[in-house]
Amino acid sequence: MELAAKYDRRILVEQAIEDAREIECSVLGNDRPEASVCGEVFPAGEFYDYESKYFDDRSRTVIPAELPDSLRDRIRSMAVEVFTALDICGMARVDFLVRRSDDEIFVLEANTIPGFTQISMYAKLWEASGLPYGTLLDRLIELGLERFRERSEMRVTR
């Protein structure tokens, strides 16, 4: 912490979560967001870093994640709560850690610009939820236009 304090006056210290599962959930919407099915990441290394994500073929994902219904429902609900609390619009992927010993859920991050190819986790989660890639693109365009219309009606000062 002393070293970090040499670079900034604000320091973020996070609790280490030992032996956790990484679960991801896609969220889609503006004022009424919806959550996809959950997926689980199994990184090749200790962390799901750039190397293990794009270059190590031992990394894999499982969609849908094998979770008890109650845990899955809590994660999906929390994903929507995070999306809403951060006032995100359009899309985001919310990532979680779930401690194996007691199934306690920790929000890892809200990724507001997740990878967006047909093989990206965001799109794959929606595909598994019954929303094909082309329809997902149409929905995102609709959400963008909806947000544009809403913002166009707001007053701004000049």
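What is the Rg over Rh value, at two decimals, for the chain, using alpha-carbon atoms and the Kirkwood definition of Rh?
Values: Rg = 17.7 Å, Rh = 17.3 Å.
Result: Rg/Rh = 1.03.
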On the protein heavy atoms, probe 1.4 angstrom, tell me the percent of accessible surface of the stretch 2-104 carried by carbon and sulfur.
47
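Find out how many positive minus negative residues lie around residue 140, taking Lys and Arg as positive, Asp and Glu as negative, among other residues whose Cβ is under 11 Å from that of residue 140. Don't skip to the answer; put the middle values down first.
Details: positive: 139, 147; negative: 138, 142, 146.
Once positives and negatives cancel, what remains is -1.
Given contacts defined as C-alpha pairs under 8 Å and at least six residues apart, what's the relative contact order of the chain, whole-number percent? Please report the intermediate quantities before stating the final value.
On the way: 238 pairs, mean separation 38.3, N = 158.
Over the chain, the number comes to 24 percent.
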Hydrodynamic radius by Kirkwood for the stretch 1-86, inverse mean 1/r across distinct Cα pairs, in Å, is 15.5
Estimated vicinal HN-Hα couplings, Hz - the stretch 73-90 in sequence order (Karplus 6.51, -1.76, 1.60; Gly, Pro = x):
5, 5, 5, 4, 5, 5, 4, 5, 4, 5, 4, 5, 4, 8, 6, 7, 10, x
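Any chance you could tell me what percent of the C-alpha pair distances in the stretch 1-48 go past 18 Å? Spell out each step's value before the answer.
Details: 690 of 1128 pairs.
Percentage above 18 Å: 61.
Full extension from residue 57 to residue 116: what is 0.36 nm times the residue separation minus their Cα-Cα distance, to one decimal in nm?
Numbers: separation 59, 0.36 × 59 = 21.24 nm, distance 1.96 nm.
Full extension from residue 57 to residue 116 adds 19.3 nm.
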In debye, nearest 20, what is the charge dipole magnitude of the stretch 70-154 about its Cα centre with +1 on Lys and Arg Cβ and -1 on Asp and Glu Cβ, if you could check?
200
Computed [θ] at 222 nm, deg cm²/dmol, the chain (DSSP H ≥ 4; -39,500 (n - 2.57); rounded to nearest 500):
-10500 deg cm²/dmol
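Could you give the size of the charge dipole of the stretch 1-53 about its Cα centre, using +1 on the Cβ of each K and R and -1 on the Cβ of each D and E, expressed in debye and rounded to the nearest 20?
My answer is approximately 300 debye.
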For the stretch 67-152, take the convex hull of the Cα atoms, compute a quarter of its surface area, and give me that in nm², please.
6.4
Along the dipole axis of the stretch 21-72 (charges at Cβ: +1 for Lys and Arg, -1 for Asp and Glu; origin at the Cα centre), the most positive-end residue among 29, 47, 62 is 29
Loop GluC sites (Glu not before Pro), the stretch 79-116 (other Cβ atoms within 10 Å of the site Cβ: 15 or fewer; DSSP):
104
Counting other Cβ atoms within 10 Å of each Cβ, which trypsin sites (Lys or Arg not before Pro) in the stretch 59-126 have at most 16 and sit in a DSSP loop?
100
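With a Förster radius of 30 Å, plug the Cβ-Cβ distance of residue 9 and residue 105 into 1/(1 + (r/R0)^6) and report the FRET value to the nearest 0.05.
Here the calculated transfer efficiency is 0.45.
Are there any chymotrypsin sites (Phe, Trp or Tyr not before Pro) in the stretch 53-158 that are in a DSSP loop and have at most 12 other Cβ atoms within 10 Å? List them by number. Spell out each step's value before the answer.
Details: sites: 54, 55, 83, 96, 106, 116, 122, 126, 133, 148; in loops: 55, 116.
Those satisfying the criteria are 55.
The values are calculated or read from the model by the stated rules, or taken from the named source; none is laboratory data. Owing to the predicted nature of the structure, the values given are computational and were not obtained by experimental measurement. Virtual Cβ from ideal backbone geometry, glycine too; neighbours counted across all protein chains shown. Just so you know, the surface numbers come from the protein's heavy atoms only, side chains and all, with ligands and any DNA or RNA stripped out. Shrake-Rupley method; radii C 1.70, N 1.55, O 1.52, S 1.80 Å.
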